[in-house]
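To keep things clear, I will list the structure first and then write my remarks on it.
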Amino acid sequence: MQKNLVIVESPAKAKTIEKFLGKEFKVLSSYGHIRDLKKKEFSLDIKDNFKPNYEIPADKKKLVTELKEEAAKSEMVWLASDEDREGEAIAWHLYEVLNLKPENTKRIVFHEITKQAILKAIEQPRDIDLNLVNAQQARRVLDRIVGFELSPVLWRKVKPALSAGRVQSVAVRLIVEREREIQSFKSEASYRVTALFLVPDADGKQVEMKADLGRRFKTKEEAKQFLSACQTATFTISDITTRPLKKFPAAPFTTSTLQQEAARKLGFTVAQTMMIAQRLYESGKITYMRTDSVNLSVQAIAQCKKEITNLFGKKYSAAHNYKTKTKGAQEAHEAIRPSYIDRTEIEGTPAEKRLYDLIWKRTVASQMVPAELDRTNIVIDLKNRKEQFTAVGEVVRFDGFMRLYSEAVDEDAQQEGEGGILPKMMVGDKLIATQITATQRYTQAPSRYNEAALVKRLEELGIGRPSTYAPTITTIINRGYVVKQNRDAQRRNLEQMILLNGKIATKQTSESYGKEKNRLAPTDIGMVVNDYLETQFASIIDYHFTANVEKEFDRIADGEITWHKMIDDFYAPFHSLVDEAVGTQPTRSQQATRVLGVDPKTGQIVKARIGRYGPMVELEGENGEKGQFASLKKGQLIESISLEEALELFALPRNLGDLDGEALMVGVGKFGPYVRHGKSFASLAKSDDPYTITRERAEELLKEASAKQRAASEPIRTFPEDGSVVIKSGMYGPYIASNGKNYRLPKGTKVETLTLAECRKIMAKAKK
């Protein structure tokens with residue numbers, strides 16, 4: 001009989017832990033949860049306190065049998081799943097399914113996979129925390145209720161194969177609301193004024209100093225009038241203020257701040273960050289990566305001090321204890337940090353190295369002294385004018401933590417940098433303006449969320465948990481509610497007036513705007529679903545409600561309330577809303593239809609709506625006849641498409657003229673845009689636009705498709721001894737063709753050395 005069996009969630013974690021434990025310990029993995037609610041069934045007994053009906057999935061049954069056998073022959077079973085609610089639930093499911101007994105079962109947790117942490121956990125085992133288990137069960141049950149009761153309503157009223165979720169629907173709502181802010185935004189022009197003044201530097205030489213006017217002018221006339229006043233104006237320094245500033249280092253990483261910073265600095269998606277962090281944790285390189293705590297252990301702080309002193313000297317070291325602002329945060333946990341602070345570099349993939357470096361620098365920098373700066377503001381008055389120019393300079397006196405690390409900011413929050421050292425001046429000094437420029441500027445619409453910005457907003461609202469953000473974003477994209485898109489920059493002309501040498505000159509300049517990279521935008525179906533849920537289930541996708549639910553989960557975890565009561569309080573009013581929605585709402589065909597206007601040629605009504613294959617426009621037929629239909633282009637929305645844009649879509653199918661007595665047509669089908677000539681078809685390339693493609697390009701695509709078909713029909717290998725067996729090149733690779741039947745070649749088969757006997761063996765095996 002073996003002495004000890006340790007069960008963890010992942011094989012990578014098992015492999016790392018096995019290195020630290022002796023021969024008396026066997027470490028196995030459960031590969032995550034070993035049981036869950038049934039996938040295609042409600043799996044909850046409403047009448048019996050919402051009792052879950054768990055099942056062991058088919059792909060886990062063999063594993064469960066093996067774990068049972070190993071547990072039965074072990075003196076002690078150590079359940080070592082992660083220390084969060086999900087990990088606690090995994091431990092509880094293992095305990096239940098494996099029929100473990102209290103006397104030979106111990107629960108252990110550790111924040112880092114190091115020898116010291118593992119051995120300490122073995123010395124300090126505990127019981128399974130049922131409050132944490134119940135908090136996880138409450139979340140799972142509530143999400144199952146919302147998903148299973150709301151989704152069928154969407155199938156009936158909007159479109160088949162849709163889904164709703166407590167957190168995912170709120171995330172979609174945020175993205176939809178931002179899109180509508182952008183659509184309703186009207187950009188306004190104004191004139192920004194900057195001046196260059198001649199001032200003496202420390203050596204008495206004349207240098208230029210830039211200053212900005214404190215107001216903007218709405219019209220060209222106002223700006224020009226101001227420049228005219230400056231032609232004879234006297235510029236005098238009215239105020240100089242210099243104040244010391246301190247910039248403090250950012251706290252060590254939590255899950256959400258790591259997700260945000262990795263997105264800003266490394267360009268990682270939230271899901272990518274979590275996947276890489278998981279690998280780093282399981283290989284013992286970082287501490288547990290699902291945490292909302294910013295605490296560091298006493299040992300970690302001491303290690304940081306040692307490392308900072310070795311690298312930069314004692315004057316750069318300063319211990320900081322950070323407090324977690326998030327309500328319900330588990331202060332007993334640590335922030336995400338390297339397991340070994342003295343390990344500045346690691347072995348691994350380039351992505352793992354980059355993320356580890358980010359975590360290491362953030363951790364160590366959090367224990368460094370603040371940066372010291374001097375910020376100087378110089379105010380410049382104009383005689384007989386209320387307006388004032390301001391020059392700002394910022395000088396770093398001591399770099400402190402900035403020597404190692406500076407926190408990134410969102411693209412939307414980036415501002416023009418402060419100036420450097422300003423020349424020494426005094427109040428009352430007269431200045432000479434060498435050039436004053438008034439440049440036309442436009443207000444910018446709110447930016448669409450990227451993943452980092454969405455995570456930040458969800459956290460601010462208290463919606464979801466950092467560990468759920470990655471799967472939530474993945475779900476709303478996979479469901480087709482949201483797309484991740486790039487937009488090319490557009491250019492617009494700007495007018496600029498320059499006062500130089502006493503004369504005002506006007507010139508044209510330009511700027512780029514609107515460029516987007518990996519921004520989240522709602523689809524038509526995402527907007528329709530959101531509007532329907534807001535109309536019928538406003539309380540469910542309300543930000544405050546969703547945040548309060550998270551607080552209720554925290555209360556369950558703390559043992560303040562039972563999960564059955566929490567679910568019961570939610571279910572009755574929610575179920576009533578579902579019944580009401582089913583009984584009173586319009587049918588699917590009435591949803592998301594927008595009348596755009598009347599076609600000036602036919603006098604028929606033009607509509608935009610959700611069709612069987614997605615968003616489309618419809619030109620109604622005359623006298624009950626079938627109308628015309630066209631799919632929307634990428635980036636077009638039912639909500640914002642104009643009548644003119646819709647009418648352009650009916651240009652397809654396009655007739656490009658006759659070719660060899662038959663029409664050459666361009667259209668859009670189920671599988672995308674195509675060219676058709678008689679019975680021949682060719683798909684358009686991604687760079688081809690069906691609305692503008694030329695006849696020459698269409699003919700070229702047909703020739704290419706025809707050449708591919710001919711090549712596919714020509715054998716690439718024949719056998720003189722048996723002409724009925726040939727090898728051809730197909731869409732999915734080479735295959736055997738014989739007597740009207742096709743046979744797939746096994747993976748790795750080399751066509752050039754394949755014999756007839758081997759071909760016959762492959763065919764015989766396929767027939768069996």
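The values are calculated or read from the model by the stated rules, or taken from the named source; none is laboratory data. Quick caveat: nothing in here was measured; it's all calculated off a predicted structure. When we count neighbours, we look across all protein chains shown, and the Cβ atoms used for this are built from the backbone with ideal geometry, even at glycine.
Quick check: is even one residue across region 214-229 part of a strand (DSSP E or B) and modelled with pLDDT of 95 or more? Yes, region 214-229 contains a residue that is part of a strand (DSSP E or B) and modelled with pLDDT of 95 or more.
Sort through R192, R264 and tell me the only one that's at pLDDT 95 or above and closer than 28 Å to S406 by Cβ. Lay out the reasoning, then the answer.
Values: R264 fails: at pLDDT 95 or above.
Sole residue among the options that is at pLDDT 95 or above and closer than 28 Å to S406 by Cβ: R192.
Filtering region 469-493 to residues that are assigned to a helix (DSSP H, G or I) and surrounded by fewer than 19 Cβ atoms within 10 Å (Cβ to Cβ) leaves P471, T474, T475, I477, N478.
Under the condition of being of a type in the set (G, A, S) and modelled with pLDDT under 85, the residues counted in region 630-660 number 5.
Please indicate, with yes or no, whether at least one residue in region 262-277 is in a strand (DSSP E or B) and either outside the structural domain of R362 (by TED's automatic domain parsing) or surrounded by fewer than 22 Cβ atoms within 10 Å (Cβ to Cβ) (or both). Looking through region 262-277, none of the residues is in a strand (DSSP E or B) and either outside the structural domain of R362 (by TED's automatic domain parsing) or surrounded by fewer than 22 Cβ atoms within 10 Å (Cβ to Cβ) (or both). A single member of Q299, Q259 is part of a helix (DSSP H, G or I), surrounded by fewer than 17 Cβ atoms within 10 Å (Cβ to Cβ) and not acidic (D, E), and it is Q299.
A Cβ distance below 9 Å, combined with a sequence gap of six or more or placement on separate chains, defines the contacts here; from region 499-517, residues that are not assigned by TED's automatic domain parsing to the domain that holds F268 and part of a loop (DSSP other than H, G, I, E, B) reach residues that are exposed (fewer than 10 other Cβ atoms within 10 Å of the Cβ) and not acidic (D, E) in the pairs G502/T232; K515/N486.
For region 734-768, the candidate set comprises residues that are of a type in the set (K, R) and surrounded by 14 or more Cβ atoms within 10 Å (Cβ to Cβ); within that set, the residue that is nearest to the chain's Cα centre (by Cα) is R744.
When every residue of region 704-719 is checked against the conditions, none turns out to be under 38 Å from the mean Cα position of the chain (by Cα) and among the β-branched types (V, I, T). Considering the conditions (1) closer than 18 Å to I286 by Cα; (2) out of contact with any Pro (no Cβ under 8 Å at 6 or more places or on another chain), K306 is excluded by exactly one of them, (1). Annotation for region 114-137: at least one member residue is crowded, with 17+ Cβ neighbours inside 10 Å, over 27 Å from S297 (Cβ atoms) and modelled with pLDDT of 90 or more.
Report the residue count in region 652-684 for those that are surrounded by 13 or more Cβ atoms within 10 Å (Cβ to Cβ) and basic (K, R). Looking only at that region, the number is 2. Looking at region 68-186, the helices (runs of 4 or more DSSP H) lying wholly inside it that each contain 3 or more residues that are in contact with a Lys or Arg (Cβ under 9 Å, 6 or more places away or on another chain) and closer than 30 Å to R457 by Cα sit at 85-97, 130-157, 168-184. Can you tell which of E188, E177, E221, E208 is without any contact (Cβ under 8 Å) to a residue 12 or more places away in the chain, among the charged types (D, E, K, R) and farther than 30 Å from F553 by Cα? Being without any contact (Cβ under 8 Å) to a residue 12 or more places away in the chain, among the charged types (D, E, K, R) and farther than 30 Å from F553 by Cα holds for just one of E188, E177, E221, E208, which is E221.
Within region 1-20, restricting attention to residues that are in contact with a helix residue (DSSP H, G or I) (Cβ under 7 Å, 6 or more places away or on another chain) and aliphatic (A, V, I, L, M), the residue that is modelled with the lowest pLDDT is A12. Entry remark, region 657-715: residues being in contact (Cβ under 8 Å) with a residue 24 or more places away in the chain and either of a type in the set (D, E, K, R) or within 30 Å of V725 (Cβ to Cβ) (or both) number 6 in total. Kindly indicate whether any position in region 681-703 is farther than 23 Å from L632 by Cα, modelled with pLDDT under 85 and basic (K, R). Checking region 681-703: not a single residue is farther than 23 Å from L632 by Cα, modelled with pLDDT under 85 and basic (K, R).
Quick grid of which residues meet (1) farther than 17 Å from E752 by Cβ; (2) surrounded by 13 or more Cβ atoms within 10 Å (Cβ to Cβ); (3) hydrophobic (A, V, I, L, M, F, W, C); (4) not assigned by TED's automatic domain parsing to the domain that holds K633:
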position	(1), (2), (3), (4)
K686	yes, no, no, yes
I693	yes, yes, yes, yes
E696	yes, no, no, yes
S724	yes, no, no, yes
I727	no, yes, yes, yes
Y732	yes, no, no, yes
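The residue that is surrounded by the fewest Cβ atoms within 10 Å (Cβ to Cβ), among those in region 601-651 that are within 29 Å of the chain's Cα centre (by Cα) and not in a loop (DSSP other than H, G, I, E, B), is G614. Here M289 meets each of (1) outside any loop (DSSP other than H, G, I, E, B); (2) closer than 22 Å to V8 by Cβ; (3) in contact with a Phe, Trp or Tyr (Cβ under 8 Å, 6 or more places away or on another chain) with one exception, condition (1).
Would you check which residues across region 690-724 are of a type in the set (G, A, S) and assigned to a loop (DSSP other than H, G, I, E, B) and list them?
At the first step, the residues of region 690-724 found to be of a type in the set (G, A, S) are 698, 705-707, 711-713, 723-724.
Of everything in region 690-724, those that are of a type in the set (G, A, S) and assigned to a loop (DSSP other than H, G, I, E, B) turn out to be G723, S724.
Taking residues in region 304-315 that are in the same structural domain as A365 (by TED's automatic domain parsing), and partners anywhere that are part of a helix (DSSP H, G or I), the pairs with Cβ atoms closer than 7 Å and at least 6 places apart or on different chains are C304/T363; C304/V364; E307/V364; I308/Y316; I308/V364; F312/R403.
Of all residues in region 253-283, those that are touching a strand residue (DSSP E or B) at 6+ places or on another chain (Cβ under 9 Å), among the polar types (S, T, N, Q) and farther than 28 Å from N321 by Cβ total 1.
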